[in-house]
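The next block holds one structure in the form of structure tokens; read it before the comments.
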Amino acid sequence: MDAVLRAAAMYLFLVIVFRFAGKRTLAEVTPFDLILLLIIAEAVGPAMLDGDHSFTTSALVVVTLIAFEIVFTVLQRRFEWFDRLVDGLPVLLIDNGELLTKRLRRFRVDEVAIMEAARELQGLERMDQVKYAVLERSGKLTIVPTNNN
Amino acid sequence: MRNTTGAQVVREDARLQRKERVAEVVGWVLMAALIGAAVLGLFADGLLDQSESAGSAERLELEHERFARHGTPTTLEVSVSPAEARDGVVEIWINDAYLDALDVLETVVPPPISTATVRDGVAFRFKADGMEPTHITFAVDPESVGRHEGEMALWDAPPIRFTQVFYP
């Protein structure tokens, strides 16, 4: 019972904290994002297991976390408001070639990150080849090139 | 909100974005407050954390942390005046209600020469030379989450009261 409650509480806590942290946190953009993810995993593990290293408790924790993930995805499919609450919506950062600088600041994205995505995803070379840049719900950037690219 | 064809690329919602912004700022303030509180010792180990209680005329002094965490040992530091030794022994009594909130009484230094269940609590007897104050350390492992009232007494004297909060 304790293991299940701890796992459930930790799942909800992480959902809330990462919602506050913003889309770009843990988007795995840089190696440090991956390191941060690993460090967080190390930090929460002992709190859920509470010194109990048995197979039973570990299995209970895993099952609880997966069950919550399934419940959340079902609720997100079922209720649009819940989906928006948990994952938000994609955000336009470049609109018809125009940089929306306020939004870039707001979502902690710079031109370097946009050009990196443009090169990686579309093989583009210059910013004026980007028609739309979107910050997706996952925190990743997607690029729509201009029509003549 | 920009009313451009870009809005057809993604389904934007200006109201939601504003709400998200407010929620994010509130979240950041809460996180900063949490870190500040932790630095000050609200979750143990810091300025707000240490507390001292004393019996009359400093015959019994107790130092403890106000805040402790489940599964992380904390200590009760007790100092007994040499005048309280009787035949080379001092007796410290701790109430059951406090002891029940602990997972285990990890160690007691120095080890008691005897323990007995008396008066809704446990009486620990220790050797005392009667010349120097007797210092005793109870290392305890909090179990039960929440606020706990402890009582500690010297022999049959009125107990001193102390409060600890155990976080999950």
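The values are calculated or read from the model by the stated rules, or taken from the named source; none is laboratory data. All figures in this text were calculated on a predicted structure; none of them were measured in a lab. We place every Cβ from the backbone using ideal geometry, glycine too, and count neighbours over all the protein chains shown. Each accessible area value is taken on the protein alone, full model and side chains, heavy atoms only, with ligands, DNA and RNA left out. Shrake-Rupley method; radii C 1.70, N 1.55, O 1.52, S 1.80 Å.
Look at A:R84 and say whether it is within 11 Å of another protein chain (Cβ to nearest Cβ) and either of a type in the set (S, T, Y) or free of Cβ contacts under 8 Å to residues at least 24 places away in the same chain (or both). Taking the combined requirement at face value, the residue satisfies it.
For the range A:117-130, a tally of residues being open to solvent by 60 Å² or more (accessible area, probe 1.4 Å) and under 10 Å from A:I143 (Cα atoms) returns 4.
One line per residue, one yes/no per condition, for (1) out of contact with any Leu (no Cβ under 6 Å at 6 or more places or on another chain); (2) over 26 Å from A:P31 (Cβ atoms); (3) within 14 Å of chain B (Cβ to nearest Cβ); (4) open to solvent by 30 Å² or more (accessible area, probe 1.4 Å):
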| site | (1), (2), (3), (4) |
| --- | --- |
| A:T64 | yes, yes, no, no |
| A:R78 | yes, yes, no, yes |
| A:N96 | yes, yes, yes, yes |
| A:L99 | yes, yes, yes, yes |
| A:K140 | yes, no, yes, yes |
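Which pairs turn up if I take residues in the range A:115-128 that are charged (D, E, K, R) and look for partners that are part of a loop (DSSP other than H, G, I, E, B) and open to solvent by 100 Å² or more (accessible area, probe 1.4 Å) with beta carbon separation below 8 Å, at least 6 apart in sequence or on another chain? Matching pairs, first to second residue: A:R119/A:E125. The residue of the range A:26-62 that is least open to solvent (accessible area, probe 1.4 Å), among those that are within 30 Å of A:E120 (Cβ to Cβ) and not in a helix (DSSP H, G or I), is A:A27.
For (1) in contact with a strand residue (DSSP E or B) (Cβ under 6 Å, 6 or more places away or on another chain); (2) over 22 Å from B:H70 (Cα atoms); (3) modelled with pLDDT of 90 or more, each residue gets a yes or a no:
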| position | (1), (2), (3) |
| --- | --- |
| B:D96 | yes, no, yes |
| B:P112 | yes, yes, yes |
| B:T117 | no, yes, yes |
| B:A128 | yes, yes, yes |
| B:D141 | yes, no, no |
| B:G150 | yes, no, yes |
| B:F162 | yes, no, yes |
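Pairing each residue of the range A:132-145 that is in a strand (DSSP E or B) with any residue that is acidic (D, E), provided the two are 6+ apart or on different chains, yields C-beta distances under 6 Å for A:T142/A:E136.
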